[in-house]
Amino acid sequence: MTLEKYSIGIGDRFGRQGAAQLDAFQRAQAAGIMITPVWNKSNREHQIIGTTPADTRRAADQAVHARNWGSAYFVDADHIGLKNAGAFLDACDFFTLDVAESIGQPPDQADLAAFKKAQRRFVGRLTIPGLDADMDVTAAKLEQVGNTYLVAVKEAARLYRQIAAAKGTSAFVAEVSMDECDTPQSPLELLLILAALAAEHVPVQTLAPKFTGRFNKGVDYVGDVEQFAHEFEMDLAVVRYARAQLGLPASLKLSVHSGSDKFSLYAPMHRALKRFDAGLHLKTAGTTWLEELIGLASAGGEGLVLAGDIYEQALARFDELCQPYATVIDIDQRRLPAIAEVRSWDGERFAATLRHDERCPYYNPHFRQLLHVGYKIAAEMGARYLDALAQFERGIAKNVTENLWERHIRPVFLGA
Ligand SMILES: [Zn+2]
């Protein structure tokens, strides 16, 4: 199973917006660009909401049927590990093998020796087309990379084989993720990680590295945009080289996680993709749920009351909601509006505070991030929340589609 050149990981926490999401992909198709939708949902999300991978599969299939989508689509077991892969085997055909926790664990000495022997062909002066300088690869550097990443690579291989044994090797796409860790991988580290994955016969089609800067959920990039742009280009050069030299799938590409809402990065990313004629998997951060809230609030009346109720409870349960996401959010509690103030707002004001539009004076990223992690409250509301989604479907769908199309697909893939 081959992942196409361009793909987007789309979250849909409550499984109601698949058709509205597909509308954005159909607009892209009409504009001449083919992008594959991948519905991703992590074990963490399933547990918080109380859904199963089969629910994600059903919602995806229904949306595809409703919109008559005739091209490829996938359901992603997002950020899974050896402990929880089993529950995703039937429903998913895309697996994000999360091995970040194994980074830095000391490898078995025989494994390390085998790695050094297999990869010593890179020692010396290494020229990779597209890089602005040659790389000096030393035996010491090779050993250091082995010490840092070899256990993670072996873990990815074990996980890959476990899934392949159950599904067959050609029945799924394998992504390897190393983004949820503290230290970004250098281009050389990325190359050696890919070489080690190739040596383990893992046909990785997309790899999510950790980039410099903060990729917080649902808000813009925090960091040095120029440095990111440089790093991204170097990584694209490495991936292109790895594809040609290492026997990895021709579809191999980078995956950018928490990739939604990184508006300041999209222009440099687009230029880099063009320059290297490279593919991309852009994994969004489940912000479709925020478009639901924006649609509910904008509707006024009951919709606005419901959105206010969710915010009120999110404020009261701040620590509990933020804890699982501590490394990927930055909320200043002093910047969160008091509930009395929020209750005085009309629907447009609520929506303007939540919608990610940096030009709007009301936009508040702290409010947005708290509500982003507040989906547990909507899940607990059960039928009250889901019925409201049905009642205000039209307004919500419009927000879901426009957010994907206008704010993500056009700038990243069309450069518009
Ligand atoms: Zn990730």
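The values are calculated or read from the model by the stated rules, or taken from the named source; none is laboratory data. Values in this document were obtained by computation on a predicted structure and should not be read as measured data. Ideal geometry is used to build each Cβ from the backbone, glycine not excepted, and the neighbour counts take in all protein chains shown.
The table that follows gives values for the structure above.
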| read-out | value |
| --- | --- |
| Filter result (among the small types (Gly, Ala, Ser), within 16 Å of the ligand (Cβ to nearest atom) and more than 22 Å from Glu4 (Cα to Cα)) within the stretch 190-216 | Gly213 |
| Qualifying helices (runs of 4 or more DSSP H) (wholly inside the stretch 331-405; at least 2 residues being closer than 23 Å to Arg317 by Cα, of a type in the set (Val, Ile, Thr) and more than 26 Å from the chain's Cα centre (by Cα)) | 339-344 |
| Residue within the stretch 253-265 that is within 21 Å of the chain's Cα centre (by Cα) and away from the ligand (no atom under 16 Å from the Cβ) present | yes |
| Cβ pairs under 6 Å, 6+ apart, first in the stretch 312-329 and charged (D, E, K, R), second in a helix (DSSP H, G or I) and surrounded by 15 or more Cβ atoms within 10 Å (Cβ to Cβ) | Glu312/Ile339 |
| Unique match (being under 20 Å from Ser255 (Cα atoms) and out of contact with any strand residue (DSSP E or B) (no Cβ under 8 Å at 6 or more places or on another chain)) among Ser170, Ser186 | Ser186 |
| Within the stretch 42-84, considering residues that are surrounded by fewer than 21 Cβ atoms within 10 Å (Cβ to Cβ), among the aliphatic types (A, V, I, L, M) and farther than 23 Å from Asp182 by Cα, the one farthest from the ligand (Cβ to nearest atom) | Ala66 |
| Failed item in (1) in a helix (DSSP H, G or I); (2) in contact (Cβ under 8 Å) with a residue 40 or more places away in the chain, with Cys92 passing the rest | (1) |
| Number of positions in the stretch 95-111 that are closer than 18 Å to Thr148 by Cα, within 16 Å of the ligand (Cβ to nearest atom) and outside any loop (DSSP other than H, G, I, E, B) | 5 |
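Let's see how each residue does on (1) surrounded by 19 or more Cβ atoms within 10 Å (Cβ to Cβ); (2) hydrophobic (A, V, I, L, M, F, W, C); (3) within 18 Å of Ser177 (Cα to Cα); (4) at pLDDT below 95:
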residue: His230; (1), (2), (3), (4): no, no, no, no
residue: Glu233; (1), (2), (3), (4): yes, no, no, no
residue: Val238; (1), (2), (3), (4): yes, yes, yes, no
residue: Ala244; (1), (2), (3), (4): no, yes, no, yes
residue: Leu265; (1), (2), (3), (4): yes, yes, no, no
residue: Lys274; (1), (2), (3), (4): no, no, no, no
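Residue-wise test of (1) within 17 Å of Lys154 (Cα to Cα); (2) in contact with a strand residue (DSSP E or B) (Cβ under 7 Å, 6 or more places away or on another chain).
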| position | (1), (2) |
| --- | --- |
| Ala199 | yes, no |
| Pro203 | yes, yes |
| Asp220 | no, no |
| Phe232 | no, no |
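Quick grid of which residues meet (1) in a strand (DSSP E or B); (2) among the aliphatic types (A, V, I, L, M):
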residue: Trp39; (1), (2): yes, no
residue: Arg44; (1), (2): no, no
residue: Ile48; (1), (2): no, yes
residue: Ala54; (1), (2): no, yes
residue: Ala59; (1), (2): no, yes
residue: Ser71; (1), (2): no, no
residue: Ala77; (1), (2): yes, yes
